[in-house]
Amino acid sequence: MNATPDATLHLDHWRIMRSRIWLVILVFLLTLGGAAIFTYLNPQNYIASATIESQTGKNQQLAVPNLEEGQLQAPLSHAVLDPIIQRLNLRTRWSQNGECISLESAYNKLHQMIVLEAPAQHLIRISVQATSAQEATLLANTIAEEYVSQETLQRQATAKT
């Protein structure tokens, strides 16, 4: 019985695949091992969130249509973050080579760690990403508290005038 050229071609491919299966397994295991080592050695990142409910009066919403955008950027302002940097002593905590970093450097680092979201019209979610779960939680809660106190002081000042 004579074999057709297609049948011998099929058998040749199967023989090549069988001879190289160990190479495929080796590449797979090396890739898996590399990914496992990279994952193990990569520093952990933690995200902590605090949600703030914003209460604005109806007359304020009619007067300022972009109030939400302003409120969303307010937790990132120097008025909110600078007291937090001072209170938590972040300049020395994040120091490099024993020297305190400048206030602006600490502000920039803290600003990069924060992500703001508005899941609903009256909510602001402050998320902080850090390499320590305790630091992320502390920063998110402190930023939320400082923002609420700043907003309360502003409302009291506008109510008195």
Here the residues within segment 119-131 that are outside any loop (DSSP other than H, G, I, E, B) and either open to solvent by 50 Å² or more (accessible area, probe 1.4 Å) or of a type in the set (D, E, K, R) (or both) are 125, 129
Exactly one of 38, 28 is out of contact with any strand residue (DSSP E or B) (no Cβ under 7 Å at 6 or more places or on another chain), at pLDDT 80 or above and loosely packed, with under 10 Cβ neighbours inside 10 Å, and that one is 38
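So, in segment 92-107, exactly how many residues are open to solvent by 80 Å² or more (accessible area, probe 1.4 Å) and either on the phi < 0 side of the Ramachandran plot or in contact (Cβ under 8 Å) with a residue 24 or more places away in the chain (or both)?
4
From the list 81, 116, pick out the single residue that is closer than 21 Å to residue 48 by Cβ, open to solvent by less than 80 Å² (accessible area, probe 1.4 Å) and assigned to a helix (DSSP H, G or I).
Exactly one residue qualifies, and that residue is 81.
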From the option list 60, 129, 154, 55, single residue qualifying as touching a helix residue (DSSP H, G or I) at 6+ places or on another chain (Cβ under 8 Å), modelled with pLDDT under 85 and not hydrophobic (A, V, I, L, M, F, W, C) is 60
For segment 42-53, pairs from a residue that is more than 20 Å from residue 118 (Cα to Cα) to a residue that is among the hydrophobic types (A, V, I, L, M, F, W, C), with Cβ under 7 Å and 6 or more apart or across chains, are 46/130; 46/133; 46/136
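The values are calculated or read from the model by the stated rules, or taken from the named source; none is laboratory data. Since the model is a prediction, treat every value here as computed from it, not as a measurement. In this analysis, Cβ positions are derived from the backbone assuming ideal geometry, glycine residues included, and neighbour counts consider all displayed protein chains. We work out accessible area using only protein heavy atoms, side chains counted, and drop any ligands, DNA or RNA first. Shrake-Rupley method; radii C 1.70, N 1.55, O 1.52, S 1.80 Å.
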